[in-house]
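Below is one structure, written out as structure tokens, with a few remarks after it.
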Amino acid sequence: MALWDKLKESASSMQTQLMAKKNDLKSGAFRDASMAMCALVSAADGSVDPAERQRVASLIATNDVLQNFPADDLQRRFNAYLDKLAADFEFGKVSLIQDIGKVKKKPVEARAVIQIGIVIGGADGDFDPTEQAVVREVCYALDIAPGEFDLQG
């Protein structure tokens with residue numbers, strides 16, 4: 001199977017798994033961790049161009065799992081996280097990973113945040129190495145083996 005087909009299948013599978021858990025994913029910590037993950041994946045290469053910001057924002061607004069939260073609230077949080085990364089990428093990244101870490105004690109939420117990162121990363125058809133690396137870093141921060149999500153590095 002071609003890598004692209006495997007990626008599409010994996011992102012689709014992640015979305016299906018997330019939908020099955022939608023009712024368990026309503027906490028503020030999950031909301032914040034998800035938006036931090038979206039921002040990290042968007043800025044994985046160290047910058048966020050306006051087109052990428054817009055693309056991810058529309059993915060957030062249309063993601064069924066995130067419909068538990070008001071779209072304008074998600075948008076505001078996503079933009080605030082991106083602004084942190086734009087101001088100082090390395091420092092912002094540490095801060096965002098700390099926010100993501102707040103779901104560490106809730107395995108369903110922690111795995112869902114990683115799955116959202118994979119869905120966002122793969123949405124453009126290219127889950128590139130920098131995006132994979134940032135999702136892998138979040139796996140380690142949440143004490144989840146990256147191999148569980150085929151993120152060996």
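The values are calculated or read from the model by the stated rules, or taken from the named source; none is laboratory data. What you see is a predicted model; the values in this text were computed from it and never measured. Using ideal geometry, Cβ is built from the backbone for each residue, glycine included, and neighbour counts are taken over all protein chains shown. Side chains included, ligands, DNA and RNA excluded: accessible areas come from the protein's heavy atoms. Shrake-Rupley method; radii C 1.70, N 1.55, O 1.52, S 1.80 Å.
Results for (1) assigned to a loop (DSSP other than H, G, I, E, B); (2) among the acidic types (Asp, Glu); (3) over 20 Å from Ile97 (Cβ atoms), shown as yes or no for each residue.
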position	(1), (2), (3)
Ala36	no, no, no
Ala39	no, no, no
Asp45	yes, yes, no
Val48	yes, no, no
Ala51	no, no, yes
Ser58	no, no, yes
Val65	no, no, yes
Arg77	no, no, no
Ala80	no, no, no
field: Residue under evaluation Arg53, criteria (1) in contact with a Ser or Thr (Cβ under 8 Å, 6 or more places away or on another chain); (2) open to solvent by less than 30 Å² (accessible area, probe 1.4 Å); (3) of a type in the set (D, E, K, R), criterion not met
entry: (2)
- request: Please state which of the following conditions Ile144 fails to meet, knowing it meets all the rest: (1) touching a Lys or Arg at 6+ places or on another chain (Cβ under 8 Å); (2) among the hydrophobic types (A, V, I, L, M, F, W, C); (3) assigned to a helix (DSSP H, G or I); (4) at pLDDT 90 or above.
  value: (3)
- prompt: Got a number for residues in segment 95-108 being assigned to a helix (DSSP H, G or I) and either in contact with a strand residue (DSSP E or B) (Cβ under 6 Å, 6 or more places away or on another chain) or at pLDDT 95 or above (or both)?
  reply: 9
- prompt: What are the pairs, 6+ residues apart or on separate chains, where a residue within segment 120-141 that is farther than 11 Å from Met37 by Cβ and basic (Lys, Arg) has its Cβ under 8 Å from a residue that is part of a helix (DSSP H, G or I) and open to solvent by less than 20 Å² (accessible area, probe 1.4 Å)?
  reply: Arg136/Pro146
field: Index of the failed condition, Arg31 passing every other in (1) open to solvent by 40 Å² or more (accessible area, probe 1.4 Å); (2) at pLDDT 80 or above; (3) farther than 17 Å from Arg76 by Cα
entry: (3)
- prompt: What residue, of Leu18, Leu59, Leu82, is within 17 Å of Lys106 (Cα to Cα), of a type outside the set (Gly, Ala, Ser) and either modelled with pLDDT under 85 or surrounded by 13 or more Cβ atoms within 10 Å (Cβ to Cβ) (or both)?
  reply: Leu18
task: Scan segment 95-115 and give yes if some residue there is free of Cβ contacts under 8 Å to residues at least 12 places away in the same chain and either closer than 16 Å to Ser47 by Cβ or open to solvent by less than 30 Å² (accessible area, probe 1.4 Å) (or both), otherwise no.
output: yes
